[in-house]
Structures are given as structure tokens and as C-alpha cells.
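Heads up: the structure comes next, in C-alpha cells.
Every number in this text was worked out from the coordinates using simple rules, so none of it is lab data. Remember, predicted model here, so these are calculated numbers, not experimental data. Every residue, glycine as well, gets a Cβ built from its backbone with ideal geometry; the counts of neighbours run over all protein chains shown.
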Amino acid sequence: MGADVEQAVSALLRGELVILPTETVYGLACDAGAARAVARVFEAKGRPQFNPLIAHVTGIQAALAIADLDARCRKLAEAFWPGPLTLVGPIKDASAVCDLAREGLDTVAVRAPAHPVAQAVLAAFGRPVAAPSANRSGRPSPTTFADAIEETGDFAAAALDGGPCRVGLESTVLGQAGGELVLLRPGAVTRQAIEQIVGPIAAGLGEGRSSPGRLARHYAPSKPLRLQVTDPSPRAAYLAFGAAPAGRPLTFELSPSGDLAEAAANLFAFLRAADRSEGSVIEVAPIPEAGLGEAINDRLQRAAGRVG
Ligand code: TXA
Ligand code: MG
């Protein structure tokens, strides 16, 4: 089913959907300005209509054409783009990112992905591309081509194979509220890395209305999920972090060396594998909260239905 960049761009131009690799997770992409194409993305995901999409662009110039980004956001874009950071600012060009893609908000979320295939598509298409993660709503984000195809491949006119996603965790989403920067979704760029560039950002997560897409149960496998488990039960599929129980079957090692970036890259693929395994429940080792751990624990708590 693998297509090339040219086929993907002509599908986008026809208002059709494309499976698009990024460095974070696979996206289900469409022309951000085409409301009918955006509607088909929501249909494919089975997504509730209060979840606005990210507009993907090649870089800062293209972002500034559609969004008002203040000086701090521009500094962050210079530091982390192309890369896994999404910035939310007032919309400047509502024809490039239609109302439906923004769910009627007067703001837009923009990001320049680092994956060379995504960059090639964006450069050739020349306009913003709306792309949520390519999973069906409520399921883990796909981090491999095969998983993306399994989730929403039936709805895509073209699908690009960019290999396994390097980061494996969605982008960090940063908004502005009352002149402050607010972490709306922890992600691949850590709070600490952001604060090194712009100083302290608002502490709390912008849950609920200020971050419309953050449903409590969002990344859920179908089996029950237990967190912070150091002594897994015999019938569980176990996601270990650091040293794993020796010789235990049904164990998935997120990172034998305790590396959070490696664990992030493996997280969604292992949740899926555990879900497919013969384990009757999924148990996960404690993950430290530092750095990328904040985003990993956020996804795990959502998957376990503990947030909200
Ligand atoms: O890494 C990623 O960000 C991936 C890849 C494909 O780029 N995309 C992704 O999209 O995770 P999605 O739709 O699954 O998540 C978009 C997030 C949601 O939490 C949504 O609420 C937030 O961005 N968002 C989008 N527009 C927003 C806005 N105007 N204001 C506040 N939050 C917004
Ligand atoms: Mg998603």
C-alpha cells in the first residue's frame, strides 16, 4: 500500500486523506483548508467534534502566515523546529485552516514536523496540512506503518511508509492564556527544555475547555491497565522499565537501561503488543516523572482512565 510523495500530494489536492509519517506518531493528513476533507478525518477517527487539529507546516515562515506567535513562541520555534513542539496562537488566516479543523476556535495549533517524508509532502503541497494521530479515537497513537494502516488505512487514498517513529510520543502542545505560556499537553519536548529557553511556564495542565482535545480516556488499550506495578501478576503482560524480572514470559522491556527516550519510543507499540498478547491484563512498571517521564505518565494515566 506504500505510496510516494507525489501520489500523496495529489491525494491531498483532491481532498482525500493520507497516512503521513512524522517523527512523533503517524498522522491522518488532509488539506487543512478543505472542510469536507477535515470532516472525513473526523469520520475516519470516529472523533468527537470538540477536538481541534494541528496544522502542520514546513517551518516558522509558514507558521507565521497562519498564526500570531508572540516573541516567546517564536524563540521556541527557532529552538525546536522542525520537531515535536506544537504552538497555539490566534488564527491569522482562517481560509488556510478552516473552522472545522479548529473546531470554531479563534486560535490554531501549528507544528513543523521533523520527519523528512512529512517535510517533503508539506513543501510540495505548499499549504498547511491538518493531521491528528492516525489512530481511531480512544486508541493508542500508531508508531509504525502497519499500526497506522490497521487503524485508519481504509480511509486513506495514499499511505506513506516512513518507518518506525523515532520519538513515539505525540508533540508537546503549548498554549497562551492571560499572557502566560501553558503546557496543554506534555510531550516529546520536555517542560525543562522549554523553560531553559523562555523561563517558567504555567504549572498546571490546561485541562478541559482550554485544551479541548484532552479527553480523560484517550490512549486506551482494550485490556485493563494497571500502573506502578513492581511485582507483576503471572497472567499479566508486563511493561518493564529498567531491570526486568529475569526469564519472565509476557514481558515487554520499555528500556532495559532506564532511558526515558527509549521508553517513549516503545510505549504505544508495546501497549498494542501487550493488548494483542495472551496476557489478561496489562501491568506497567513505575516510570520516573522527570523529563520525558511527565509525558509518558500522562499517556499511561489516560490509558488507564485515571485522568479527568
Ligand atoms: O505529534 C503530534 O502532535 C501528532 C502528529 C501527527 O503531528 N498529532 C497529534 O494530533 O497528536 P492530535 O489531533 O491527536 O492532537 C492534537 C492536540 C489535541 O490535544 C488538541 O486538543 C490540541 O492539540 N489542540 C489543537 N488545536 C488546539 C487549539 N486551537 N487550542 C488548544 N489545543 C489545541
Ligand atoms: Mg491523538
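Rounded to the nearest 20 debye, the dipole size of the stretch 256-303 about its Cα centre is 200 debye, using +1 on the Cβ of Lys and Arg and -1 on the Cβ of Asp and Glu. Under a model in which nothing but the beta-carbon of Lys, Arg (+1) and Asp, Glu (-1) is charged, the stretch 30-108 shows a dipole of about 180 debye around its Cα centre. DSSP beta bridges confined to the chain are antiparallel in about 45 percent of cases. Taking a straight Cα-Cα cut-off under 28 Å and skipping sequence neighbours fewer than 8 places away in the same chain, the lysines within cross-link reach of residue 45 are 92, 223.
Debye-formula intensities of the stretch 16-108, expressed as log10 I(q)/I(0) at q = 0.13, 0.21, 0.24 Å⁻¹, are -0.43, -1.11, -1.34 (one equal scatterer per alpha-carbon, no solvent). The residue among 256, 5, 290 whose Cα reaches farthest toward the positive pole of the charge dipole of the chain, with charges on the beta-carbon of Lys, Arg, Asp and Glu, is 290.
Where nothing but the Cβ of Lys and Arg (+1) and of Asp and Glu (-1) is charged, how large is the charge dipole of the chain around its Cα centre, in debye to the nearest 20? Could you put the intermediate results ahead of the total?
Values: 29 positive and 32 negative charges, 115 e Å.
Computed charge dipole of the chain: roughly 560 debye.
Considering only 142, 198, 277, and ranking their Cα positions along the charge dipole of the chain that arises from unit charges at the beta-carbon of Lys, Arg, Asp and Glu, the one farthest toward the positive end is 277.
Normalised radius of gyration (Cα atoms, divided by 2.2 N^0.38 Å) for the chain: 0.96. Neighbour counting of Cβ atoms within 10 Å sorts the residues 54, 60, fewest neighbours leading, into 60, 54.
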